[in-house]
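The values are calculated or read from the model by the stated rules, or taken from the named source; none is laboratory data. Just so it is clear, the structure is predicted and the values come from calculations on it, not from any experiment. Positions of Cβ are backbone-derived with ideal geometry, glycine not excepted, and every protein chain shown enters the neighbour counts. These accessible areas exclude ligands, DNA and RNA; they are computed on the full protein's heavy atoms, side chains included. Shrake-Rupley method; radii C 1.70, N 1.55, O 1.52, S 1.80 Å.
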Amino acid sequence: MGGLSLGEKHFIQGGIAQDLRCDGRKRLAYRPIYVETGVIPQANGSARVRMGATDVIASVKAELGKPSLLQPDKGKVSIYIDCSSTAEPAFEGRGGDELATELSVALQRCLLGGKSGAGAGIDLSSLIVVEGKICWDLYIDGLVVSSDGNLLDALGASIKAALSNTGIPRVQVAAGTANDEQPEVDVSDEEFLQFDTSGVPVIVTLTKVGRHYIVDATSEEESQMSSAVSISVNRQGHICGITKRGGAALDPSIILDMISVAKHVSEQVINKLDSEIASAEAQEES
């Protein structure tokens, strides 16, 4: 975000140094989080998350596919993000495409772990129907409706909420299929299995401004950052992924401190998000 005067920049930086940000929050406080579920009826699951003026939607579509040869015991998850040009003038044209790609890659890293699937926050083995032959492929689409900073955390929260809202159709596999044949399956239109999101992490982004770091940075605060580290942490306190942006190098001891802070903050975020998801789903059912 450009166009800040020197005085405004000093005001933002000075407030963060004094632990009193422009909107009255302390350095490690999030804006209020609001969740709606079931916002896209034709998807298997969907959710909308708002953090301040940042507004994002995630949807999940489940389709039967074939596991990869390298991971015959795991299903597949793909994450695609679209930055609406109405959300931010900078998203028009290539600016939006580049950010969408950057966010997609960061979410893959934070939610799905390494290429081997190690550390994945989404249990891919739960998506297997017949090992080596049939699995569920989940296509997760995220849309940035309105942007005022901290898009990665908001998108991560919307994906967690959408997965919590996801019903996977029950599949019956025909008996007596030979090993070298593709099994016949019957996909139920009425019975659905709830996707288990107990291990799905939240993403906590720590943005470094001056000598301090803050969570849930607004666009104005992000314009003053030297670097940002995003850490995904699940309810068990396990780190599922880490990604960094910004040119400034960070000392390893600072990153360790950031991980410790992210673990502490993640507990509050998970509790708040789970409470919002439960409330949204109760509202959807009533």
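Just one of (1) out of contact with any helix residue (DSSP H, G or I) (no Cβ under 9 Å at 6 or more places or on another chain); (2) at pLDDT below 90 trips up residue 117, so point out which. With respect to (1) out of contact with any helix residue (DSSP H, G or I) (no Cβ under 9 Å at 6 or more places or on another chain); (2) at pLDDT below 90, residue 117 is out only on (1).
Yes or no, residue by residue, for (1) farther than 20 Å from residue 161 by Cα; (2) open to solvent by less than 50 Å² (accessible area, probe 1.4 Å); (3) assigned to a helix (DSSP H, G or I):
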position: 221; (1), (2), (3): yes, yes, yes
position: 224; (1), (2), (3): yes, yes, no
position: 230; (1), (2), (3): no, yes, no
position: 235; (1), (2), (3): no, no, no
position: 240; (1), (2), (3): no, yes, no
position: 257; (1), (2), (3): yes, no, yes
position: 261; (1), (2), (3): yes, yes, yes
position: 277; (1), (2), (3): no, yes, yes
position: 284; (1), (2), (3): no, no, yes
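Taking first residues from the stretch 70-83 that are under 14 Å from residue 131 (Cβ atoms) and acidic (Asp, Glu) and partners that are in a strand (DSSP E or B) and open to solvent by less than 50 Å² (accessible area, probe 1.4 Å), the Cβ contacts under 7 Å between residues at least 6 apart in sequence or on separate chains come to 73/128. Determine whether the stretch 29-41 contains at least one residue that is more than 18 Å from the chain's Cα centre (by Cα) and in contact (Cβ under 8 Å) with a residue 24 or more places away in the chain. Looking through the stretch 29-41, at least one residue is more than 18 Å from the chain's Cα centre (by Cα) and in contact (Cβ under 8 Å) with a residue 24 or more places away in the chain. Scanning for something in contact with a Ser or Thr (Cβ under 6 Å, 6 or more places away or on another chain), surrounded by 22 or more Cβ atoms within 10 Å (Cβ to Cβ), farther than 21 Å from residue 52 by Cβ and touching a residue at least 40 places away in the same chain (Cβ under 8 Å), does the stretch 245-255 turn up at least one residue? No, the stretch 245-255 has no match at all. Per the conditions (1) assigned to a strand (DSSP E or B); (2) more than 23 Å from the chain's Cα centre (by Cα); (3) of a type in the set (D, E, K, R), the sole criterion not satisfied by residue 208 is (2). Report whether or not residue 160 is free of Cβ contacts under 8 Å to residues at least 40 places away in the same chain and either part of a strand (DSSP E or B) or touching a strand residue (DSSP E or B) at 6+ places or on another chain (Cβ under 8 Å) (or both). Criteria not met by residue 160. Contact map, the stretch 180-207: first residue within 30 Å of residue 248 (Cβ to Cβ), second residue modelled with pLDDT of 85 or more and open to solvent by 30 Å² or more (accessible area, probe 1.4 Å), Cβ cut-off under 7 Å, separation 6 or more or different chains; pairs are 206/213; 207/213; 207/222; 207/225. Filtered by the rule that a residue be open to solvent by 20 Å² or more (accessible area, probe 1.4 Å) and either among the polar types (S, T, N, Q) or more than 14 Å from residue 62 (Cβ to Cβ) (or both), the stretch 125-146 gives 125, 126, 130, 131, 132, 133, 143, 145, 146. In this structure, is residue 12 in contact with a His (Cβ under 7 Å, 6 or more places away or on another chain) and farther than 21 Å from residue 155 by Cα? Criteria not met by residue 12.
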